[in-house]
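Asks: Structure below; questions to follow.
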Amino acid sequence: MSTNNINWKILKDEMILEQLGKELRRMRLERNLSQAKVAERAGLDRTTVVKLEAGRAATLLTVVQVLRAIGKLELLDAFHEVPQPTPYMLVEAQAEYLKKQRKRAGPQSSGIVPPKPKSTW
């Protein structure tokens with residue numbers, strides 16, 4: 001969506017729907033697509049696209065279908081947040097990593113003790 005710094009928190013739900021409809025219309029027009037063409041691509045009736053652009057209530061499915069039809073599904077990325085690991089998960093991962101570390105080979109003993117050098121006394 002365009003970066004016009006809308007303060008979404010102060011808008012009523014109906015105003016948000018209206019703004020979303022305007023943005024969908026703007027994106028459609030940027031691609032030189034008619035409402036009929038978007039409706040055809042989305043498998044919807046043209047009146048559904050008209051209502052959506054007017055800010056009238058629509059299902060999420062309809063919004064997804066229209067976003068797909070206008071090639072803007074990447075806008076849904078805003079709804080997907082990668083979960084941050086908890087401190088416990090970090091400790092577990094570190095312990096697993098340390099457990100998998102190979103131990104360095106030290107000097108190997110053959111079990112035979114070498115003779116002591118003779119004393120010079």
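What follows draws every value from the coordinates through simple rules; no lab data is involved. Owing to the predicted nature of the structure, the values given are computational and were not obtained by experimental measurement. For neighbour counting, all protein chains shown are included, and Cβ atoms are generated from backbone atoms with ideal geometry for every residue, glycine included.
Asks: At q = 0.15, 0.26 Å⁻¹, what is the log10 ratio I(q)/I(0) for the range 19-86, with the Debye formula run over Cα points and no solvent?
Replies: Log10 I(q)/I(0), no solvent term: -0.45, -1.20.
Asks: Find the Cα radius of gyration of the chain, compare it with 2.2 N^0.38 Å by division, and give the number to two decimals. Let's see the in-between values first.
Replies: Working: Rg = 32.5 Å, N = 121, 2.2 N^0.38 = 13.6 Å.
Here the Cα radius of gyration is 2.39 times the empirical estimate.
Asks: Rounding to the nearest 20 debye, state how big the charge dipole of the chain is about its Cα centre with +1 on each Lys and Arg Cβ and -1 on each Asp and Glu Cβ.
Replies: Working: 21 positive and 13 negative charges, 176 e Å.
In debye, rounded to 20, the chain gives about 840.
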